[in-house]
Amino acid sequence: MIACPNCHTIQSAEAINTGRMAACPQCRKALRIDVFNAFLRGDEPDAASLTTQAQGQAECFYHPGQLAIVPCAACGRLLCAVCQVELEGRSLCMACLQAGRDKQKITGMQNRHVRYDEIALALALWPLLFIFPTLVTAPAAIYYVVRHFRTPSPLLPKAWARNLVAMLLAGLQMGGWIYFLALKLGD
């Protein structure tokens, strides 16, 4: 789809690659639209696209001699079937994919993930060194285990053992505080 730079009207296929100036049907601005054949081809690679470049066809930016099948949606470089990466319905080259990941511009790629099982285990384990914070962290650890027990983990597998250990330690801590308070109140 080629749009007029002036009024953004989509131009008809007859106006593309004619080699001459044509008027935009909306704003009547004179345009000459020349694109590589790979731009007009669909996103589905066929068997011919994996072979070497045919005479007069566009070639891949990264693999000279390979037939280009699609342009990169971010930078416009022509890509062969090997270089094309489909993400969020867009075809991207590896350089744009890497830049998008580094600058966190691509929403479909997460660089960090919250591990709730690790939070629960830390809340149950570390305060044992100081005893008194367990009054707050033991219930917090139980909350994290119960609240995020079925939260899906995007990349890493869930560690059920961590959740179980966190729940057990937090339960023992709360039980210890209940016992301690019962003894103190009983005196």
Determine the sum of side-chain charges near A166: Lys and Arg each +1, Asp and Glu each -1, restricted to other residues whose C-beta is under 11 angstrom from that of A166. -1
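Tell me whether segment 116-186 comes out rounded, prolate or oblate; compute the Cα gyration tensor, take square roots of the eigenvalues as a ≥ b ≥ c, and use a/c under 1.5 as the rounded threshold.
prolate
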Once Lys and Arg are counted +1 and Asp and Glu -1 for all other residues with Cβ under 12 Å from that of I2, the total becomes -1
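Every number in this text was worked out from the coordinates using simple rules, so none of it is lab data. In this text, all values refer to a predicted model and were calculated from it rather than measured experimentally. Every residue, glycine as well, gets a Cβ built from its backbone with ideal geometry; the counts of neighbours run over all protein chains shown.
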